[in-house]
Amino acid sequence: MGKIEDLADRYEEQVSVPWMKNLPGAQRVMLLVYEKDLERMLRARIDEFAGRTKAAGHEWHLVDMTTWFAEWMRDVEYRDSYFEAPDLLEMKLQGDFKQHVAKRLEKEIVATDENTVVAVLGAATMYGFLRISELIRDVEQAVPGRLLMCFPGSKDGSNYRLLDARDGWNYLANGITLHGGNTTA
């Protein structure tokens, strides 16, 4: 068995447990943590996770954020000036872009029900533009079922690091890794 199949087995263990309905938002979030070089393989095999979700009696809704920055930037009125002076973009990213992504993801989430896993691909494409930790906190209360954030990086205890490149953050989500506990994925 390969790493993606092993990760799917770990995911299946989580998604198959009966779901409590009155959990706070943070406990409705699952972070699927895997080595960053497995991103393409995970994308190619994402249907494996969808199938295991459905076998556990739940619905599956896939959201891919990969192109969201490019789509947002396409519609920014002064985008050419940002390419000339990228430092000017930082304030716009913290305000407009962060809100744009949170609203777009929340719209996808609220269109589902309490029996659905909303799986999110493309976290790595947000690196440098927004923090996944803030995005999750912005949308977690809207999750009626479960949110599965596919997260290329590492987990040490309850500390997560996207792409192993940035200081991590402490989060109470259900971390799903190949190594089970307090090691990197």
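Results for (1) surrounded by fewer than 15 Cβ atoms within 10 Å (Cβ to Cβ); (2) polar (S, T, N, Q); (3) closer than 21 Å to Asn174 by Cα, shown as yes or no for each residue.
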{"site": "Ser81", "(1), (2), (3)": "yes, yes, no"}
{"site": "Gly95", "(1), (2), (3)": "yes, no, no"}
{"site": "Thr116", "(1), (2), (3)": "no, yes, yes"}
{"site": "Gly128", "(1), (2), (3)": "yes, no, no"}
{"site": "Ser133", "(1), (2), (3)": "no, yes, yes"}
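Of note, Gly57 satisfies the criterion of being open to solvent by 20 Å² or more (accessible area, probe 1.4 Å) and on the phi > 0 side of the Ramachandran plot. Within the stretch 1-11, the set of residues being open to solvent by less than 80 Å² (accessible area, probe 1.4 Å), among the aliphatic types (A, V, I, L, M) and out of contact with any Lys or Arg (no Cβ under 8 Å at 6 or more places or on another chain) comprises just one member, Leu7. Scanning the stretch 7-43 for residues that are assigned to a loop (DSSP other than H, G, I, E, B), among the aliphatic types (A, V, I, L, M) and under 19 Å from Ile132 (Cα atoms) returns no hits. Of the residues making up the stretch 79-125, those that are among the small types (Gly, Ala, Ser), at pLDDT 85 or above and assigned to a loop (DSSP other than H, G, I, E, B) are Ala111, Gly122. Of everything in the stretch 68-79 that is free of Cβ contacts under 8 Å to residues at least 40 places away in the same chain and touching a helix residue (DSSP H, G or I) at 6+ places or on another chain (Cβ under 8 Å), the residue that is surrounded by the most Cβ atoms within 10 Å (Cβ to Cβ) is Trp72. The set of residues in the stretch 12-45 that are surrounded by 19 or more Cβ atoms within 10 Å (Cβ to Cβ) and either at pLDDT below 90 or under 14 Å from the mean Cα position of the chain (by Cα) (or both) comprises Arg28, Val29, Met30, Leu31, Leu32, Val33, Tyr34, Leu42. If you go through the stretch 92-119 and keep only what is of a type in the set (A, V, I, L, M, F, W, C) and either under 17 Å from Ala70 (Cα atoms) or touching a Phe, Trp or Tyr at 6+ places or on another chain (Cβ under 9 Å) (or both), you end up with Leu93, Phe97, Val101, Ala102, Leu105, Val117, Val118, Ala119. For the stretch 67-78, the criterion of being in contact with an Asp or Glu (Cβ under 7 Å, 6 or more places away or on another chain), in a helix (DSSP H, G or I) and not acidic (Asp, Glu) is met by none of the residues.
The values are calculated or read from the model by the stated rules, or taken from the named source; none is laboratory data. As the structure is a computational prediction, the values presented were derived from the model and not from experiment. Here the Cβ is made from the backbone with ideal geometry for all residues, glycine too, and neighbour counts use every protein chain on show. When the accessible area is computed, the model is the full protein with side chains, heavy atoms only, and any ligands, DNA or RNA have been set aside. Shrake-Rupley method; radii C 1.70, N 1.55, O 1.52, S 1.80 Å.
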